Amino acid sequence: MSTAPVNVTVTGAAGQIGYALLFRIASGQLLGADTPVKLRLLEIPQGVKAAEGTAMELDDCAFPLLRGIDIFDDPRQGFEGANIALLVGARPRGKGMERGDLLEANGGIFKPQGEAINAGAADDIRVLVVGNPANTNALIAQNHAPDVPAERFTAMTRLDHNRALTQLAKKLDVSINDIKKLTIWGNHSATQYPDLFHAEVNGANAAQAVNDQAWLENDFIPTVAKRGAAIIEARGASSAASAANAAIDHVHDWVNGTPEGDWTSAAIPSDGSYGVPEGLISSFPVVSRNGRWEIVQGLEIDEFSRSRIDASVQELVEERDTVRKLGLVK
Ligand code: NAD
Ligand code: LMR
């Protein structure tokens, strides 16, 4: 039986995350070993030549699941027929650029990309925004795709989730597989809140297993929340292979479902759960069932967690208000 290939659009394809991501998609790690893919690479005109070089290398891998590569510098063409869109390309913060300038510059990218998704993507389109500021860029794209169900626009906090898993595993000297139900709340920024209070380690409560509030507050939370900056400091460039890995994890779980008895973290449009204003694209504890993200309900949030979730959500509100003033979202 032959399966029709899935069209995967990747923006910023010639960038460093693109280079770490495309080979994994083409090898079957995004959608599974039975699903052929067609890649649609979207770049700005200056990036097209480098994307062509990457496409040559993809060809040279002779991946059996890779059924074609097309390269575009026009979003309308790039998103035509896309089933999955990984929005990686974004405007980095330049010298002297304020947060508002950054949001405005990215509006110039994510507004037309949202419009192009609305105009030509497949009916089952699923969008993951990786390019920063990811949550608000996703909100901008979503606002310009009124015909696409709002829940199809998500932003990536899976890298933060994976970072938190490793920090906890190291602290307790356990394997990643021993840890379940960890959560990243809020924005993919230094205000994010990695939450251990509902996490389990071999079935026991993780916060109790750690039993070290000073480590939690002064080590775990800041290490996870500021890991992106620490990598930039160490590598001289932002995380790339780990970001690509997290993007693979996010889409794989969205399409194929999360394992029973566990959950993960993803920034998805809020339905008002846990006091997060409806519509904000904020990170929650989520499971994926039947191809849809669902927010895990009924968790008790104590005062410590509440104040941290509120602080990160407040930052998202401020970002939304800034792009609203710029006319980029309703
Ligand atoms: P990079 O600068 O190496 O590559 C970005 C690429 O995007 C470039 O090739 C550029 O030409 C392209 N691009 C720019 N504007 C575009 C547009 N309008 N359409 C298509 N392509 C466009 O950057 P990178 O290291 O690959 O990182 C990409 C983004 O991902 C950055 O915003 C970074 O901050 C972000 N990031 C997010 C996470 C996360 O966890 N959410 C983690 C790491 C990095
Ligand atoms: C990361 O978390 O590694 C990145 O979002 C950092 C960045 O600013 O690109």
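This model, with +1 at the C-beta of Lys and Arg and -1 at the C-beta of Asp and Glu, gives the chain a dipole about its Cα centre of some 480 debye. With neighbours defined as other Cβ atoms within 10 Å of a residue's Cβ, the residues H250, H144 order from fewest to most as H144, H250. Using a simple spin-label model with pseudo-atoms 7 Å out from Cα toward Cβ, E151 and A105 lie 3.6 nm apart. For the chain, modelled as a GNM whose springs connect Cα atoms under 10 angstrom apart, the maximal fluctuation among V296, V313, V37 occurs at V296. Each peptide among 7-20, 82-95 gets the average number of other Cβ atoms lying within 10 Å of its residues, and from highest to lowest they stand as 7-20, 82-95. Its Cα centre serving as origin, the range 6-154 has a Cβ charge dipole (Lys and Arg +1, Asp and Glu -1) of approximately 360 debye. The GluC sites (Glu not before Pro) found in the range 166-262 that occupy coil by DSSP, while having at most 11 further C-beta atoms within 10 Å, are E260. For the cross-link pairs K171/K226; K49/K226; K111/K325; K38/K330; K180/K226; K95/K226, the ones whose C-alpha atoms lie over 25 Å apart are K49/K226; K38/K330. For the range 55-157, GluC sites (Glu not before Pro) meeting the loop criterion (DSSP other than H, G, I, E, B) and having at most 15 other Cβ atoms within 10 Å: E98. As a calculated quantity, the FRET efficiency between E52 and R292 at R0 = 41 Å, using C-beta atoms, amounts to about 0.70. In the chain, the DSSP beta bridges split such that about 45 percent are antiparallel, to the nearest 5. In the chain, taking the dipole from charged Cβ atoms about the Cα centre, the farthest positive-side position among A14, N137, L31 is held by A14.
Distance between the modelled labels on Q77 and A119, one decimal in nanometres: 1.3 nm (7 Å Cα→Cβ projection). Full extension of the segment from A190 to Q314, taken as 0.36 nm per residue of separation minus the current Cα-Cα distance, would add 43.4 nm. You can think of it this way: the chain between N211 and N177 has 10.2 nm of extra reach, that is 0.36 nm per residue less the Cα-Cα gap. Modelled this way, with points 7 Å down the Cα-to-C-beta line, the labels at N218 and K325 are 3.8 nm from one another. Charges were assigned to the Cβ only: +1 to each Lys and Arg, -1 to each Asp and Glu. The resulting dipole of the range 158-319 about its Cα centre is roughly 500 debye.
By DSSP, the beta bridges lying fully in the range 104-218 are antiparallel in about 70 percent of cases. Against the chain, whose longest principal axis is taken from its Cα atoms, helix 158-172 shows a tilt of about 40°. Hey, what angle do you get for helix 16-27 against the long axis of the chain, alpha-carbon based, 0 to 90 degrees rounded to 10? The angle comes out near 80 degrees.
A helix-only calculation puts the chain at -12500 deg cm²/dmol for mean residue ellipticity at 222 nm, using -39500 (n - 2.57) for each DSSP H run of at least four residues, averaged over all residues. For A169 and A4, what does the FRET efficiency come to when R0 = 30 Å and r is the distance between their Cβ atoms, rounded to the nearest 0.05? Once the sixth-power term is evaluated, E becomes 0.15. The Cα center of the range 146-207 and the Cα center of the range 27-84 differ in position by 30 Å.
Laboratory data are not the source of any read-out in this text; all were calculated from the coordinates shown. Quantities reported herein were computed from a predicted structural model and do not represent experimental measurements. Every residue, glycine as well, gets a Cβ built from its backbone with ideal geometry; the counts of neighbours run over all protein chains shown.
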